[in-house]
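Beneath this line is the structure, given in structure tokens, with notes to follow.
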Amino acid sequence: MTRIVRGALLQTDWTGDKESMIQKHEAAAQDAQRQGAQVMCFQELFYGPYFCQVQDARYYSYTEHIPDGPTTRRMQDLARQTGMVLIVPMYEEDERTPGLYYNTAAVIDADGRYLGKYRKTHIPHVQGFWEKFYFRPGNLGYPVFETAVGKVGVYICYDRHFPEGARALGLNGAEIVFIPSATSRGLSEYLWRIEQVSHAVANGYFVGTINRVGIEPLGDDDFYGQSYFVDPRGQFVGEVGDAHKPELLVRDLDLDQILEVRNTWQWYRDRRPEAYGDLVRP
């Protein structure tokens, strides 16, 4: 039987406050459900602005515990209501160590069960992306979650520049990898349609990736959107999202392509891990 999964991505702009931002995503999830979506990913740090354009401790107030925080519980209710798997990127405070913060995505199954989280591994610290001021590097590895739609992995924004974690997700069994981002125009834009496509091809899985749109109050650069799904052949699934406007993308993903492509391009069979030792030396 053919395995078709209908996936959804929301690229959107900042509303001005946390509650209205959450409500916007809830409404989009309801819309996606009406269109038959079974899994949906929100954008990086979905309920806030991209505050890393500045270094200001007041934005620590956006942190929540995961899963024992109000937004995670609210998203569990939303998953139950819509019957969708949800990937929900948030700003996390470690539950055991107050003041220790992570850029995190919670994964919630279609029945509302919290399955676990991924913490962003690679943290940039350059002009306009002062993330080390806000986040500790992730320490949970590259988990893959067994969901109602299949095996799902997460990579977040700056992570996409590093092929190692993308490969680890493939080796851990991922069939769909979601990469939520907040990326403004500049050097990265021409890489946007190269890197995630390359991860899909090199690892034989689907990628769904999101970028914000619009100009936010904390910076002068606008986020360039262009969210998309890409298949294991490296082909876009439907049109790429708009470069300027909020948009809900809903696409059908034929998971049978994964085995078909892997039986054609034997990347996993022909790997030589014993020859790669130098790659992991500091």
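Bear in mind these aren't lab numbers, they're just calculated from the coordinates by the rules spelled out. Just so it is clear, the model here is predicted, and its values are computed rather than measured. All Cβ positions, even for glycine, are placed from backbone atoms using ideal geometry, and neighbour counts span all protein chains on display.
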**Fill in**
On the formula 1/(1 + (r/R0)^6), with r taken between the Cβ atoms of residue 35 and residue 189 and R0 of 30 Å, the FRET efficiency rounded to 0.05 is 0.60
**Asked** Between residue 2 and residue 265, 0.36 nm times their residue separation minus their Cα-Cα distance comes to what?
**Response** 92.6 nm
**Item:** Added length on full extension, which subtracts the Cα-Cα distance from 0.36 nm per residue, residue 115 to residue 148
**Value:** 10.8 nm
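So for the range 17-105: antiparallel DSSP bridges make up what percent, rounded to the nearest 5?
Numbers: 5 of 9 bridges.
Close to 55 percent.
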**Request:** Taking the Cα centre of the chain as origin, work out the dipole magnitude from +1 charges on Lys and Arg Cβ and -1 charges on Asp and Glu Cβ, in debye rounded to 20.
**Result:** 580
**Prompt:** If packing is taken as the mean number of other Cβ atoms within 10 Å per residue, what is the order of 77-86, 258-267, highest first?
**Reply:** 77-86, 258-267
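For a quick protection proxy, order the peptides 166-178, 183-195 by their average other-Cβ count within 10 Å, most packed first.
166-178, 183-195
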**Message:** Eigenvalues of the Cα gyration tensor times 5, then square-rooted: what semi-axes does that give for the range 78-122, in whole angstrom, largest first?
**Reply:** 23, 11, 8
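Remind me, what semi-axes does the range 192-276 give for its equivalent ellipsoid, largest first in whole Å, using sqrt of 5 times each Cα gyration tensor eigenvalue?
They are 31, 17, 7 Å, listed from largest to smallest.
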**Request:** Kindly put 122, 25, 199 in sequence by how many other C-beta atoms sit within 10 Å of each C-beta, fewest to most.
**Result:** 122, 25, 199
**Prompt:** What residue among 228, 116, 127 has its Cα farthest toward the positive end of the dipole of the range 4-280, where the charges are +1 on Lys, Arg and -1 on Asp, Glu, each on the Cβ?
**Reply:** 116
**Request:** List, in order, the whole-Hz ³J(HN,Hα) value for each residue of the range 270-279 obtained from phi through the Karplus relation with A = 6.51, B = -1.76, C = 1.60 and θ = phi - 60°; use x for Gly and Pro.
**Result:** 8, 4, 10, x, 5, 9, 9, x, 4, 5
**Message:** Can you give me the distance in nm between label points at residue 218 and residue 58, each placed 7 Å from the Cα along the Cα-to-Cβ direction?
**Reply:** 1.2
**Asked** Taking R0 as 41 Å, what's the FRET efficiency between residue 172 and residue 126 from their Cβ-Cβ distance, rounded to 0.05?
**Response** 0.90
**Kirkwood-based Rg to Rh ratio, the range 4-280, C-alpha trace** = 0.94
**Request:** Indicate the gyration tensor shape class of the range 34-89 (rounded, prolate or oblate), computed on the Cα atoms with a ≥ b ≥ c the square roots of the eigenvalues: a/c under 1.5 is rounded; otherwise a/b larger than b/c is prolate and the rest oblate.
**Result:** oblate
**Asked** Applying the Karplus parametrisation 6.51 cos²θ - 1.76 cosθ + 1.60 with θ = phi - 60° to the phi angles of the range 94-110, what ³J(HN,Hα) value in whole Hz is obtained for each residue in order, glycine and proline being reported as x?
**Response** 4, 5, 9, 10, x, x, 9, 10, 9, 8, 10, 10, 8, 10, 10, 6, 5
**Request:** May I ask you to list the lysines whose Cα is less than 24 Å away from that of residue 132, ignoring any residue fewer than eight positions away on the same chain?
**Result:** 18, 117, 120
**Complete:** If each part is reduced to its alpha-carbon centroid, the range 6-71 and the range 117-165 end up apart, in Å, by 16
**Message:** For 96, 73, which order do you get if you count the other beta carbons within 10 Å of each Cβ and list the fewest first?
**Reply:** 96, 73
**Item:** Cα shape, the range 38-169, gyration tensor, a/c 1.5 rule
**Value:** oblate
**Item:** Inter-site label distance for residue 136 and residue 27 at 7 Å from Cα along Cβ, in nm
**Value:** 3.8
**Message:** Run lengths n ≥ 4 of DSSP H only: what is the helix-derived mean residue ellipticity at 222 nm for the chain, with -39500 (n - 2.57) per run over all residues, to the nearest 500?
**Reply:** -6500 deg cm²/dmol
